[in-house]
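See structure below.
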Amino acid sequence: MHLCYFDENKHGPGNPHFFIGGLLIPDQKAIDFENTLGQIAFNFFGARSLTQANEFHGKELFHGKGNAKGRKLEDRIRVFQDVATFVTDNQIPVRMICINVERHEQKYKYPTPPYRLGLMLILERFAEYLDGAKDLGLVFGD
């Protein structure tokens with residue numbers, strides 16, 4: 001069994017691309033992943049529990065806003081590095097979809113809404129991987 005998690009960005013005039021991406025975490029690595037994320041949270045926030053005050057948001061970490069406001073750039077980068085290290089060291093499959101919304105809307109007379117298209121495509125990518133791995137997946141998103 002794989003735990004398949006996805007999340008998306010908010011697109012608009014200043015951000016014309018819709019991204020949706022996900023991880024396919026084998027169930028035997030899920031506890032290690034949770035423990036690693038807990039340690040990363042403790043290192044950054046001083047607490048392991050998942051609350052709104054210590055939830056990771058890439059945009060806020062990147063820009064030093066929200067719960068990352070006032071934090072040094074190197075501390076914020078370290079969060080990305082630590083998560084990426086776990087993902088790469090454990091060969092966690094990653095899937096990413098990018099839709100240029102303006103181009104998509106110009107190409108079709110009745111374009112599929114970006115979120116619906118992105119969700120369909122990320123689920124297809126998950127299914128392709130799981131078929132190849134001859135395994136099942138439980139999909140959840142934010």
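Summary of computed values
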item: Residues satisfying the stated conditions in the range 38-92, i.e. of a type in the set (Gly, Ala, Ser), in contact with an Asp or Glu (Cβ under 6 Å, 6 or more places away or on another chain) and either more than 19 Å from Lys10 (Cα to Cα) or in contact (Cβ under 8 Å) with a residue 40 or more places away in the chain (or both); result: Ala68
item: Filter result for the condition that a residue is under 25 Å from Gly118 (Cα atoms) and of a type in the set (A, V, I, L, M, F, W, C), over Leu23, Leu37; result: Leu23
item: Verdict on Arg95 being of a type in the set (Lys, Arg), buried (at least 16 other Cβ atoms within 10 Å of the Cβ), outside any helix (DSSP H, G or I) and touching a residue at least 60 places away in the same chain (Cβ under 8 Å); result: yes
item: Residues of the range 8-20 classified as surrounded by 15 or more Cβ atoms within 10 Å (Cβ to Cβ), part of a strand (DSSP E or B) and out of contact with any Cys (no Cβ under 9 Å at 6 or more places or on another chain), total; result: 1
item: Residue in the range 118-129 that is in contact with a strand residue (DSSP E or B) (Cβ under 7 Å, 6 or more places away or on another chain) and of a type in the set (Ser, Thr, Tyr) present; result: yes
item: Residue within the range 55-77 that is of a type in the set (S, T, N, Q) and more than 20 Å from Asp32 (Cβ to Cβ) present; result: yes
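Read the figures in this text as sums done on the coordinates, not as results from a lab. Since we're looking at a predicted model, the values are computed, not measured. A quick note on method: Cβ atoms are made from the backbone with ideal geometry, for glycine too, and the neighbour counts reach across all protein chains shown.
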